[in-house]
1. Give the number of residues within the range 127-156 that are touching a residue at least 12 places away in the same chain (Cβ under 8 Å) and within 20 Å of Glu193 (Cβ to Cβ).
2. Would you pick out the residues in the range 194-229 that are outside any loop (DSSP other than H, G, I, E, B), closer than 23 Å to Val125 by Cα and either out of contact with any strand residue (DSSP E or B) (no Cβ under 8 Å at 6 or more places or on another chain) or of a type in the set (A, V, I, L, M, F, W, C) (or both)?
3. In the set Gly78, Gly59, which member is open to solvent by 10 Å² or more (accessible area, probe 1.4 Å), assigned to a loop (DSSP other than H, G, I, E, B) and at pLDDT 95 or above?
4. Which one of Ser190, Ser198, Ser207 is under 18 Å from Ala40 (Cβ atoms) and not charged (D, E, K, R)?
5. All but one of (1) open to solvent by 70 Å² or more (accessible area, probe 1.4 Å); (2) without any contact (Cβ under 8 Å) to a residue 40 or more places away in the chain; (3) charged (D, E, K, R) hold for Glu42; which doesn't?
6. Looking only at the range 194-229, which residues are under 16 Å from Ala37 (Cβ atoms), hydrophobic (A, V, I, L, M, F, W, C) and open to solvent by less than 20 Å² (accessible area, probe 1.4 Å)?
7. When the range 25-45 is examined, which residues are found to be assigned to a helix (DSSP H, G or I) and aliphatic (A, V, I, L, M)?
Amino acid sequence: MSRHFALLPAAGVGARMGADFPKQYLELAGRPMIWHALRAFETHAAISRIYVVLSAADGYWEGYDWSGFAKLSVLRCGGETRAQSVLNGLEAIADEVAEQDWMLVHDAARPCLSRALLDKLLEAVRDDAVGGILAAPVADTLKREGHGQRIRETVPRQGLWGAQTPQMFRYGLLREALRRAGAEVTDEASAIEHLGLSPLLVESDASNLKVTFPHDLEVAGWWLDRCSK
């Protein structure tokens, strides 16, 4: 029977946040942000183990209390890009997982993943031949920028989705896809698409936000506070 593993690439610096240290360690509800992202998998019975991929030079991790995580393993093999970090992590655990085991790759900067959305992804993808991702249909009118930061055109939003995480694929397939796609793909689904395959879109919502800009941290704090009541 296939097992489920979570992998969180956390080797980036989060430059767009404007912080003096990696954004995954920004305080959120009294904990580093990545703590909340990890907790969603720690508390789910279907997840066998959690891997977090750090930069070899990360000097922050040891400064926090991770004693509440029984499933957690730290891999200090982060790369220059997200794709490199994920692939390095997959290569590092080759002796611990099977080709058909499921890998759920999740952003360290998505701290509000709910049990309901995680359950929905696991249920929808469990028998899928390719795998799938959480994603939300695009609601805003999209504009393409032209010269001088002026609108060049309006982009039809019909059929467009915003990709989220977790992104859930078989270990062997994902590793091969990332090996072939190269270091510049921005998510795991893109690597799978390079193989000519079409991942499943599992509908999510705005609660599973990614903290990218400073104001996002306030919104994430509001969501976590709301969900704790």
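The values are calculated or read from the model by the stated rules, or taken from the named source; none is laboratory data. Small disclaimer: the values here were computed from a predicted structure and weren't measured. We place every Cβ from the backbone using ideal geometry, glycine too, and count neighbours over all the protein chains shown. These accessible areas exclude ligands, DNA and RNA; they are computed on the full protein's heavy atoms, side chains included. Shrake-Rupley method; radii C 1.70, N 1.55, O 1.52, S 1.80 Å.
1. 11
2. The first filter runs over the range 194-229 and keeps only residues outside any loop (DSSP other than H, G, I, E, B), leaving 194, 200-203, 214-227.
Those still in the list that are closer than 23 Å to Val125 by Cα too: 194, 200-203.
Hits for the range 194-229 are His194, Leu200, Leu201, Val202.
3. Values: Gly59 fails: at pLDDT 95 or above.
Within the list Gly78, Gly59, the selection yields Gly78.
4. Numbers: Ser190 fails: under 18 Å from Ala40 (Cβ atoms); Ser198 fails: under 18 Å from Ala40 (Cβ atoms).
So the residue among Ser190, Ser198, Ser207 that is under 18 Å from Ala40 (Cβ atoms) and not charged (D, E, K, R) is Ser207.
5. (1)
6. Taking the range 194-229 first, the residues under 16 Å from Ala37 (Cβ atoms) are 204, 207-212, 216-217, 219-221, 223-224, 227-228.
Filter again for hydrophobic (A, V, I, L, M, F, W, C), leaving 209, 211, 217, 219-220, 223-224, 227.
Correct list: Val211, Ala220.
7. Once the filter is applied, which keeps residues that are assigned to a helix (DSSP H, G or I) and aliphatic (A, V, I, L, M), the range 25-45 yields Met33, Ile34, Ala37, Leu38, Ala40.
Here is a yes/no grid of residues against (1) in a helix (DSSP H, G or I); (2) out of contact with any Lys or Arg (no Cβ under 6 Å at 6 or more places or on another chain); (3) open to solvent by less than 90 Å² (accessible area, probe 1.4 Å); (4) within 15 Å of His106 (Cα to Cα):
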| position | (1), (2), (3), (4) |
| --- | --- |
| Arg144 | no, no, no, no |
| Gln158 | no, yes, no, no |
| Gln164 | no, yes, yes, yes |
| Phe169 | no, yes, yes, yes |
| Arg175 | yes, yes, yes, no |
| Leu178 | yes, yes, yes, no |
| Ile192 | yes, yes, yes, no |
